[in-house]
1. Looking at region 245-268, is at least one residue under 28 Å from Glu98 (Cβ atoms), under 20 Å from the mean Cα position of the chain (by Cα) and outside any helix (DSSP H, G or I)?
2. Could you grab the pairs with beta carbons closer than 7 Å, sequence gap of 6+ or different chains, first residue in region 186-203 and under 12 Å from Trp220 (Cα atoms), second one among the polar types (S, T, N, Q) and buried (at least 19 other Cβ atoms within 10 Å of the Cβ)?
3. Out of region 143-188, which residues are aliphatic (A, V, I, L, M), closer than 21 Å to Leu85 by Cβ and either touching a His at 6+ places or on another chain (Cβ under 7 Å) or more than 15 Å from the ligand (Cβ to nearest atom) (or both)?
4. Of a type outside the set (S, T, N, Q), crowded, with 19+ Cβ neighbours inside 10 Å and in a helix (DSSP H, G or I): does that describe Leu298?
5. Would you say Leu234 is over 18 Å from the mean Cα position of the chain (by Cα) and either at pLDDT 95 or above or not β-branched (Val, Ile, Thr) (or both)?
6. Within the bounds of region 285-295, is there any residue that is aliphatic (A, V, I, L, M), within 30 Å of Val104 (Cα to Cα) and within 9 Å of the ligand (Cβ to nearest atom)?
7. Given the criteria touching a Ser or Thr at 6+ places or on another chain (Cβ under 7 Å), touching a residue at least 12 places away in the same chain (Cβ under 8 Å) and not polar (S, T, N, Q), does Arg251 qualify?
Amino acid sequence: MSFGRAVGIGTVSNVTRRQFAAGTLAAGLLSRPAAAQPATPSVRLPDGAAVPALGQGSARLGQGRHPAAEEEEALRTGIALGMSLLDTAEIYGGGRSEQLIGRVIAGQRDKVFVVSKVWPDHATAGGIAEACAASLARLGTDYLDLYLLHWRTGVADLRVVVDSFERLRSKGRIRRWGVSNFAVADMEDLYRIGGGDRCAANQVRYNLQDRGIERDLLPWCERHGLPIMAYSPLGQGDLLSNPALVRVADRHQGSPAAVALAWTIRSGRVVSIPESGSPAHVRENAGALSLRLTEADLAELDRGFAT
Ligand SMILES: NC(=O)c1ccc[n+]([C@@H]2O[C@H](COP(=O)([O-])OP(=O)(O)OC[C@H]3O[C@@H](n4cnc5c(N)ncnc54)[C@H](OP(=O)(O)O)[C@@H]3O)[C@@H](O)[C@H]2O)c1
């Protein structure tokens, strides 16, 4: 599978840079006939590429929380079920998360969309290229699909970041770049820089009990055609016992985790990246891909998570 413009059922052919739209991707193994493949919800990036709406995070993978083989199986299970966007960062486990992902994607690089992040300490003129090269080596690949600045805090000059990312893009080391943990004021600073509006995504915390971005950042990103990547979409597991969530899950005969994830991707403009090192949990999470929440479900979740 590639993640270029031509991919995806319902691909919008003449998408301008600032348009994006929900669509579907063919999921599952490439050996299955195209017509038989289930459609997987996708999100359109500003450059027209379609990515799976549900990916997989890895901040605490590769660090002994589960046996390594189990974590690898969890990620492979997710990829086979359509969660083929993998999120990592140089900082996760001091590189061990990237190494784990490297083992998982070996032999199937063309089926996955790999996201990694540079830590602000390395966001200097030479530092970003060096950090990217180290991430590529740990991942065992020669390009990243998306490279993010992990945080703005401590970054002296965003222009250096944009220029470095653009150089990496022109050399083919990264396909596109974006940011993480950027508030509206940060986005406005970024867009004031020449080339700053080439940003492909902003990765921020978003889940049923942490909806702060709905006040300002989410509408700002929608106006600018910029997708959000929702991290900690399960509230790190904390929100799964909420009674309203459990009731909605029972109605859909699904799991609370699947409902919580379906909620994050409900607009078609958000990519959600739950982490799990458990194949059983990943199968549960993949249930979000086929779960459609009704207006009544959404209202019940609003009430159930009201603070
Ligand atoms: N850009 C940033 O600054 C930033 C910050 C935080 C996170 N992230 C990214 O976002 C990813 C996800 O965020 P997160 O790890 O903070 O939180 P999360 O995905 O909300 O929650 C992960 C936790 O939920 C558990 N879990 C997963 N599926 C479950 C299920 N079906 N039932 C019960 N428990 C389940 C996992 O345990 P098991 O492994 O046992 O399933 C893990 O403990 C990270 O891995 C990372 O890639 C980015």
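The values are calculated or read from the model by the stated rules, or taken from the named source; none is laboratory data. None of the values given here were measured: they were computed from a predicted structure. Heads up, the Cβs are rebuilt from the backbone with ideal geometry, glycines too, and the neighbour counts pull from every protein chain shown.
1. Initially, region 245-268 is screened for residues under 28 Å from Glu98 (Cβ atoms), giving 257-258, 260-261, 264-265.
Going one step further and asking which of them are under 20 Å from the mean Cα position of the chain (by Cα), we end up with 257-258, 260-261, 264-265.
With the extra rule that they be outside any helix (DSSP H, G or I), the set shrinks to 265.
Within region 245-268, one or more residues are under 28 Å from Glu98 (Cβ atoms), under 20 Å from the mean Cα position of the chain (by Cα) and outside any helix (DSSP H, G or I).
2. The qualifying pairs are Met187/Asn202; Asn202/Ser180.
3. Residues of region 143-188 that are aliphatic (A, V, I, L, M), as a first pass: 144, 146, 148-149, 155-156, 158, 160-162, 168, 174, 179, 183-185, 187.
Still in the list and also closer than 21 Å to Leu85 by Cβ: 144, 146, 148-149, 168, 174, 179.
Result: Leu168, Ile174.
4. Values: of a type outside the set (S, T, N, Q): yes; crowded, with 19+ Cβ neighbours inside 10 Å: no; in a helix (DSSP H, G or I): yes.
No.
5. Values: over 18 Å from the mean Cα position of the chain (by Cα): no; either at pLDDT 95 or above or not β-branched (Val, Ile, Thr) (or both): yes.
Here the answer is no, as Leu234 does not meet what is asked.
6. Keep residues of region 285-295 that are aliphatic (A, V, I, L, M), which gives 286, 288-289, 291, 293.
Still in the running and within 30 Å of Val104 (Cα to Cα): 286, 288-289, 291.
Next, from what is left, pick out any that are within 9 Å of the ligand (Cβ to nearest atom): none.
Taking every residue of region 285-295 in turn, none turns out to be aliphatic (A, V, I, L, M), within 30 Å of Val104 (Cα to Cα) and within 9 Å of the ligand (Cβ to nearest atom).
7. So Arg251 fails the test.
Let's see how each residue does on (1) touching a Ser or Thr at 6+ places or on another chain (Cβ under 7 Å); (2) modelled with pLDDT of 95 or more; (3) closer than 30 Å to Ser241 by Cβ:
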residue	(1), (2), (3)
Leu149	yes, yes, no
Ala156	no, no, no
Val184	no, yes, no
Asp197	no, yes, no
Asn207	yes, yes, yes
Glu214	no, yes, yes
